[in-house]
Amino acid sequence: MPDSCDLVKDIARDRRAGRLAAALNELTNVDMLLERVLTDARALVSAEAGSIYLRRGDALVLAITQNAYLERIVNEPSDLPFLNYVLKLDRSSLAGYVALERKALVVNNTLDIDLDAPFQHNTAIDNSTNYVCQSVMTLPLVCAPGETLGVLQLINPVNDDGHIQEFGEDDLALGKFYVQCASMALEKTMMLRSMTIRSVEVISSHDPQETPSHAQRVASVATELYEHWSRRRGVPSSERFRILDMLPLAAMLHDVGKMSIPGSVLTKPGRLDHKERALMEGHVLIGARLFRKARTPLDRLTFQIILDHHERWDGQGYPGWVDIDTGLPMPGRAGPGGRVQGKRGEDISIYGRILAVADVYDALVSRKTYKDSFDESLSIQIMEQESGHHFDPDVVESLLARRKVLKKIQERFPDNLEPSELAGEAPLAKAPVAYPVFY
């Protein structure tokens, strides 16, 4: 007969699982969702470590990994040797077996798997880290039509004293419930990501400079800059995670208004004349009008990014303080000759200030039809020179602090990637974000 105290604990854990699962529906970004899923799933069963693999054709790509023990003994998450590990999709491994069979599996002693079993524990990661995955719960992430999206693995449950335990039947039942909810949320966010990539692909068919890879790089850089800037500014964690969830998708659509600009202007070599430049600058208002009746937080953030990403810290940007419907100055915002006053300093939304830095940085380090790519040192020098003029000095400081990560972003999203590859791209494996607790 179960102890009444244990029953109370079980009920509390089941309710917590329900609340955590429901919270997944609030997320819009694949990367943030995967971190949230793994963080919460580990907490539910007290797992010391865990991983999520996403299916990419005939392979499983390690999308995210967390290991509380290893993270205590390395200096940087990038020091972990198993980042971006790729596993062949077959039944020889625990992850591959569960992905293909679509059935949850618990192995409480990976060193004692029968040699006649259809699967064995893949020791490649264990050998590279000297960390033994002793108890492993592997759960399939399956969408509604029965397609396997990936696999969630939870590793080494520990008690309050830090000793490794075995996964029990209650842990497995809880894991199955949570992974069903996580699968639905993952399918939704992957669809949203794919739709966003397709929208950018339409833009790139009109303007060859606005490739899906460019949009993805700008979004990734902007996300890194906001994460660093918001921590330094002491932005509350709940607000920080809310923006980090939406920012990648919103940032990818920063130039959506270019779809309405004549191709002859977008692709013209050399300098634009006054009329052509006015047409080009009009893409900001065209894009903003698409989101002016925003009903969701994601739409409102997208609107702000589109409207402000060509403003300058010194007030010399565009479109400035303008009525987006008429293009005329807002009341009291007309300058000399009736021209619209530009927004300056912190009158520009932080999202616009961050996108300005991310967009120009990517233009400098990338090859364009009108220029070769600049090397990183020259690009950084130009960004520093424009600090306090074109750019918010605080955002440039975040750019300098994230140089190593930004270089990896450039390498990860080259312009020759197919849009389909971006739409299904697994995020970089990395250490967990310390999520606020939502009960």
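Just a few scattered comments:
- Residue within segment 303-320 that is touching a Ser or Thr at 6+ places or on another chain (Cβ under 7 Å) and either without any contact (Cβ under 8 Å) to a residue 24 or more places away in the chain or not assigned by TED's automatic domain parsing to the domain that holds Met32 (or both) present: yes
- Arg91 vs. criteria assigned by TED's automatic domain parsing to the domain that holds Leu141 and at pLDDT below 90: no
- Among the residues of this structure, Ile305 counts as one that is surrounded by 21 or more Cβ atoms within 10 Å (Cβ to Cβ), within 18 Å of Asp325 (Cα to Cα) and among the hydrophobic types (A, V, I, L, M, F, W, C).
- Counting the residues of segment 207-232 that are of a type outside the set (Ser, Thr, Tyr) and more than 16 Å from Leu400 (Cβ to Cβ) gives 11.
- Residues that are touching a strand residue (DSSP E or B) at 6+ places or on another chain (Cβ under 7 Å) and crowded, with 21+ Cβ neighbours inside 10 Å within segment 154-178 comprise Leu154, Ile155, Asn156, Pro157, Phe167, Asp171, Gly175, listed in sequence order.
Table: residues versus (1) crowded, with 18+ Cβ neighbours inside 10 Å; (2) among the acidic types (Asp, Glu); (3) modelled with pLDDT under 95.
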residue	(1), (2), (3)
Leu355	yes, no, no
Tyr361	yes, no, no
Thr369	no, no, yes
Asp375	no, yes, yes
Ser379	yes, no, yes
His389	no, no, no
Val395	yes, no, no
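- Some residue of segment 217-229 being more than 15 Å from the chain's Cα centre (by Cα) and either basic (Lys, Arg) or not assigned by TED's automatic domain parsing to the domain that holds Gly50 (or both): yes
- Residues satisfying the stated conditions in segment 109-131, i.e. aliphatic (A, V, I, L, M) and free of Cβ contacts under 8 Å to residues at least 12 places away in the same chain: Ile113, Leu115, Ala117
- With respect to (1) buried (at least 21 other Cβ atoms within 10 Å of the Cβ); (2) assigned to a helix (DSSP H, G or I), the lone exception for His254 is condition (2).
The values are calculated or read from the model by the stated rules, or taken from the named source; none is laboratory data. None of the values given here were measured: they were computed from a predicted structure. Neighbour counts are summed over all protein chains in view; Cβ atoms, including those assigned to glycine, are modelled from backbone coordinates with ideal geometry.
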